[in-house]
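Have a look at the structure below, then the notes.
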Amino acid sequence: MGISSQEFQLGEILDKAYREIPLNKAEIIFLLGLNQEEEISQVFQVARDLRQRYFGEKLFLYGFVYFSTFCQNNCTFCLYRKSNRSLKRYRKSEREILDTAYSLAESGVHLLDLCMGEDPEYLMDSPRSFGKLLKIVEDVKQNTGLPLMISPGLVPQVFLERFQEVGVNWYALYQETHNRSLYAKMRLDQDYDARWGAKRAAHHMGLLVEEGLLTGIGDTMEDVADSFQAMKELGAEQVRVMSFVPQEETPMEKWVSPPRMREILIIAVMRLLFPDRLIPASLDVDGIRGLKQRLNAGANVVTSIIPPKAGLAGVSNNSLDIDEGNRTVKRVAEVVEDLGLRPASLDQYIDWVEKKQKRIGRIPAKEATI
Ligand code: SAM
Ligand code: MD0
Ligand code: SF4
């Protein structure tokens, strides 16, 4: 029995990926369209081999602190959109944020992701507004000594500079899609270029950048391939995908979440295209039970670790697994070890971050290649 042309094509593409020869758009779309288990598992295998090449068995673990759920925006997909009046929102005090940060640090995370909706209380250029936020961030840095990521939405460039001065390492800001008309339907009244430009600016000032896409919002395979291209042009150090999860009382509440294999295959193809970058497996979509399949597809960071019983929310699944204690380092480590992987040491993570930051310090973002 000879091999089919489909199998032949898959073999050739995977061989190219393994040798880190860039794949073209048609090849990427071919991979994203695979639906046979046997073929998909070959893609996962190469994704894991590439992860192994750059990271060995080591995984990075990120703590998540969603400290304010107030937001001035109206993203169609998001529970925390301004028009959602059914929601009980919170803004944690500095004490609560520090306690949470401290307990996450003690539990062994490698980074703290400080996240908020675009909370107007913190976005005015005054000591009582942004100044207060900056002080919180600085205190978290000084009390934990951990690498920090900030996910505050779109903020002025001067705010990013202040964040960097107090020790923030990463700016996370996801475009969700790089199809402009789809973007306009998702991020209502938010300028595409302003969002994109903020990431470029962050990079220029030496912050690492995370870019992300949301799948299941009407994105096609071609859109996903275009997102990969955009991520490449940006030179993002961390690239992510999450499945859309419908939220009550939002315009997309009747949409269905896409079949999970779509996200998992996107993770694997990301690993083929970005072998040396960080790619998260988020606990925010399917909780702890979704972790193995994301790691098997080549992810190398576990995100959305949240301490139980602190009254803190996730984003796409705002309470899933949190109070059960399933989003903790301890639970994650058990799953990880079952797969023959292990959490890196903090020094290993800091080393990775410092090397990357030195590199972007020298190379302007537009010339950075992956
Ligand atoms: N407000 C900031 C912003 O939007 O950049 C930071 C919040 S960040 C944690 C929000 C991210 O969560 C979005 O960029 C999106 O990727 C993800 N998200 C929000 N709602 C979601 C949903 N319903 N399903 C899946 N992911 C969602
Ligand atoms: C996560 N809930 O990693 C978080 C969030 C924001 N930088 C990250 C989407 O899943
Ligand atoms: Fe606000 Fe971010 Fe949600 Fe959009 S995604 S509504 S900016 S919290």
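The values are calculated or read from the model by the stated rules, or taken from the named source; none is laboratory data. Source: prediction; values computed, not measured. With ideal geometry, Cβ positions are generated from the backbone for all residues, glycine too; neighbour counts draw on all protein chains shown. The accessibility values were calculated without ligands, DNA or RNA, using every heavy atom of the protein model including side chains. Shrake-Rupley method; radii C 1.70, N 1.55, O 1.52, S 1.80 Å.
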Out of the residues in region 20-68 that are among the hydroxyl-bearing types (Ser, Thr, Tyr) and within 25 Å of Val353 (Cα to Cα), state the one that is surrounded by the most Cβ atoms within 10 Å (Cβ to Cβ). Tyr62
Within the set of pairs 6+ apart or on separate chains, which have a first residue in region 298-324 that is not assigned by TED's automatic domain parsing to the domain that holds Tyr102, a second that is more than 13 Å from ligand 1 (Cβ to nearest atom) and in a loop (DSSP other than H, G, I, E, B), and C-beta atoms under 7 Å apart? none
Residues satisfying the stated conditions in region 168-182, i.e. touching an Asp or Glu at 6+ places or on another chain (Cβ under 7 Å) and open to solvent by less than 20 Å² (accessible area, probe 1.4 Å): Trp170, Ala172, Gln175, Thr177, Leu182
Could you run through region 237-266 and say how many residues are buried (at least 21 other Cβ atoms within 10 Å of the Cβ), among the aliphatic types (A, V, I, L, M) and either under 15 Å from Asn300 (Cα atoms) or away from ligand 1 (no atom under 15 Å from the Cβ) (or both)? 6
Residues of region 267-298 satisfying the condition of being more than 16 Å from ligand 1 (Cβ to nearest atom), under 15 Å from the mean Cα position of the chain (by Cα) and assigned to a helix (DSSP H, G or I): Ala268, Arg271, Leu291, Leu295
Scanning for something acidic (Asp, Glu) and within 25 Å of the chain's Cα centre (by Cα), does region 31-42 turn up at least one residue? no
